[in-house]
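Here the structure comes first, spelled out in structure tokens, and everything after it is commentary.
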């Protein structure tokens with residue numbers, strides 16, 4: 001097997017190069033023998049499956065949100081947070097992604113920062129199942145709404161690639177949004193429908209309670225009922241919006 005081919009195989013792990021060669025069965029068998037692994041184990045390591053992309057809406061300060069997430073999600077080796085919310089008990093790794101103001105929110109810069117910060121963790125996360133929790137300040141969520149909603153459409157792939165590049169497995173990807181910030185957006189309903197569309201599930205948090213059951217989408221939309229609109233009328237409008245979204 002040529003050195004250049006092996007280099008190409010290794011290079012395809014990079015999130016910047018997804019066009020690497022696909023090894024034949026014969027190549028997989030030879031690599032497994034060289035690495036003293038069962039071929040099925042080698043293939044299992046190469047299968048790049050991403051964990052769920054969760055939208056978690058904090059209905060109030062939800063100060064116990066991280067603790068609730070730690071207790072709810074148990075198939076994780078290492079927790080990594082980035083942004084506003086961080087555990088004072090130090091039970092996780094924390095990433096710094098940007099300067100903390102809306103003008104610094106650039107999709108390409110944030111993507112590069114995630115990759116570099118994860119690579120900096122080295123053996124701390126290598127080979128481990130990562131649950132990542134991202135959160136932003138209320139000011140950034142309202143001032144950089146368009147940029148944030150745009151990046152959400154590619155967020156799951158972008159984060160997963162960064163985790164794979166760091167040698168870890170993307171088990172969970174949780175994006176925390178403050179309800180108060182969503183309500184202040186120029187088009188709260190449109191923003192919510194966009195967020196619902198780009199996430200696998202919607203969870204809600206209030207106090208020390210975390211609701212993960214079905215219906216999170218509808219609960220979120222109920223908070224956006226315009227003043228003066230009857231509850232039933234808004235309920236029907238939300239049902240139509242969700243039905244149209246899933247069509």
Original post:
Is there a residue in the range 67-85 that is part of a helix (DSSP H, G or I) and at pLDDT below 85?
Top reply: no
Original post:
How many of the residues making up the range 214-247 are without any contact (Cβ under 8 Å) to a residue 24 or more places away in the chain and out of contact with any strand residue (DSSP E or B) (no Cβ under 9 Å at 6 or more places or on another chain)?
Top reply: 21
Original post:
Inside the range 121-154, can you point out the residues that are in contact with a strand residue (DSSP E or B) (Cβ under 6 Å, 6 or more places away or on another chain), in a loop (DSSP other than H, G, I, E, B) and within 18 Å of residue 167 (Cα to Cα)?
Top reply: 125, 128
Original post:
With 110, 133 as the choices, which residue is over 17 Å from residue 168 (Cα atoms) and surrounded by 15 or more Cβ atoms within 10 Å (Cβ to Cβ)?
Top reply: 110
Original post:
Take the residues of the range 201-228 that are in contact with a helix residue (DSSP H, G or I) (Cβ under 8 Å, 6 or more places away or on another chain) and part of a loop (DSSP other than H, G, I, E, B): which is surrounded by the fewest Cβ atoms within 10 Å (Cβ to Cβ)?
Top reply: 226
Original post:
Does at least one position in the range 39-57 carry a residue that is at pLDDT 85 or above, outside the structural domain of residue 208 (by TED's automatic domain parsing), over 25 Å from residue 182 (Cβ atoms) and exposed (fewer than 13 other Cβ atoms within 10 Å of the Cβ)?
Top reply: no
**OP:** Return a yes/no flag: does the range 95-105 have any residue that is assigned by TED's automatic domain parsing to the domain that holds residue 172, surrounded by 15 or more Cβ atoms within 10 Å (Cβ to Cβ) and part of a helix (DSSP H, G or I).
**Re:** yes
**OP:** Exactly one condition in (1) modelled with pLDDT under 90; (2) farther than 27 Å from residue 64 by Cβ; (3) out of contact with any strand residue (DSSP E or B) (no Cβ under 8 Å at 6 or more places or on another chain) is not met by residue 113; state its number.
**Re:** (3)
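The values are calculated or read from the model by the stated rules, or taken from the named source; none is laboratory data. Predicted model only: the values in this text are computed from it and were never measured. Here Cβ is always computed from backbone atoms with ideal geometry, including for glycine, and neighbour counts include all displayed protein chains.
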